Amino acid sequence: MGKVFPVLLALLGLVAGGGAGYFLKPAPEPAMVDPSGDANGEPNHINAPPAEPEVNPDSEFVKINNQFVIPVVRDEKVVALVVLSLSLEVTTGSREAVYLREPKLRDEFLQVMFNHANSGGFDGVFTQTSKLTNLRRALREVATSILGTVVHDVLVTNIMRQDH
């Protein structure tokens, strides 16, 4: 009996380990379907790779130096500060023109953001799509008035609100 017991323990351990391995094995990966179509020639988009974002080869992005700090004022008191970082999408080769006009751009951008803050644009859910779309549209109009048609878009690359 003394020699059978260790063998039984070894067999029990082997069976338990095999059972645990069987039940804990990872699920098989789903079968890949040809994204160009199924057997009937119909397009199949279920497992198609995501489309690459469109990149305009005639554009470059220019980060505006330094963040913008906009006070949110209520009853003549600053109740919050909003910090924004912006970049401009411009025609390739326009980077120098942006930096040459940056003081004017910053001044006009600040005026747009102050107006946005004063009209409640940074209140409540200030990251709501409609609020940010209105702000970006106004910023793009200002950038276009200063730089002309080289400006394609204004991108809000960072936004934060610090309540006091």
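The values are calculated or read from the model by the stated rules, or taken from the named source; none is laboratory data. Since the model is a prediction, treat every value here as computed from it, not as a measurement. Cβ sites come from the backbone with ideal geometry, for glycine too, and all protein chains shown count toward neighbours. Side chains are part of the model used for accessible areas, which takes the heavy atoms of the whole protein and leaves out ligands, DNA and RNA. Shrake-Rupley method; radii C 1.70, N 1.55, O 1.52, S 1.80 Å.
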### Query
Which of (1) modelled with pLDDT under 95; (2) open to solvent by less than 30 Å² (accessible area, probe 1.4 Å) is the odd one out, the single condition VAL79 does not satisfy?
(2)
### Summary
The residue that is nearest to the chain's Cα centre (by Cα), considering only those in the range 121-134 that are surrounded by 12 or more Cβ atoms within 10 Å (Cβ to Cβ) and farther than 16 Å from LEU81 by Cβ, is LEU132
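Yes or no, residue by residue, for (1) touching a helix residue (DSSP H, G or I) at 6+ places or on another chain (Cβ under 8 Å); (2) touching a residue at least 24 places away in the same chain (Cβ under 8 Å):
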residue	(1), (2)
ASN134	yes, no
GLY148	no, no
VAL154	yes, yes
THR157	no, yes
